[in-house]
1. Between Glu105 and Ala152, what FRET efficiency follows from the Cβ-Cβ distance if R0 is 25 Å, with the result rounded to 0.05?
2. First check a/c for segment 26-91, with a ≥ b ≥ c the square roots of the eigenvalues of its C-alpha gyration tensor; if it is under 1.5, answer rounded, and if not, answer prolate when a/b is larger than b/c or oblate otherwise.
3. Under the Karplus relation 6.51 cos²θ - 1.76 cosθ + 1.60, θ = phi - 60°, what is the ordered set of whole-Hz ³J(HN,Hα) values for segment 42-48, x standing for Gly and Pro?
4. So, by mean Cβ neighbours within 10 angstrom, what's the order for 101-108, 148-155, 39-46, 57-64 with the highest one leading?
5. Direction-averaged shadow area of the convex hull around the Cα atoms of segment 70-156, nm²?
6. Taking a cut-off of 23 Å between Cα atoms, list the lysines near Lys96, but don't count ones fewer than 8 places away on the same chain.
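Read-outs: derived from the displayed coordinates by stated rules, not from any lab. Worth saying up front: this structure is predicted, and the values here are computed from it rather than measured. When we count neighbours, we look across all protein chains shown, and the Cβ atoms used for this are built from the backbone with ideal geometry, even at glycine.
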Amino acid sequence: MKRLLLAIGAAAICSAGLAAAKDDVPVKITACVHDGAKGSYVFTNVVDLNESATAPASVVYWLSTTDGLKEHVGHKIEVSGTYSPSRDAGKTAKIKIETDANDGETTIAVENGMKNAEIEEPGVAGTSGVKSETTIEKPYRRLEVKSIKMIAASCQ
């Protein structure tokens, strides 16, 4: 399953224990950028980078801005910024992944209240016949973007 990140212009958890410690936590992630519906972007293969290791993201990130993302569709990028544990405490996002039984096309939708984004990925020929649907609820963080840079010209 792919790790997702939704980036939209408006909004973007961590434990309550972190909230008491610091309210401006630095974040650096890498992701593949996909063009979503209605001016949104969906990130896949999101990895949290930290001082000691890299790990797949366990949260959904909502970026504070989409500025500069359009030119990075199809690229692997690095996003640096901060988030506020006290602001994001208890907030969740839903990720819904559906595969069409007829053509194998996969739709990935991410939503948080009124905010949402969606992408469709083409199916592989000959994989039709089985419909699947998975919904996952994960905490989210609003990532206040400081910088976005391309680190690879493709997501391969």
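1. About 0.45, to the nearest 0.05.
2. oblate
3. 10, 9, 10, 6, 6, 10, 7
4. 57-64, 39-46, 101-108, 148-155
5. 7.4
6. Partners found: Lys2, Lys38, Lys76, Lys115, Lys131, Lys138.
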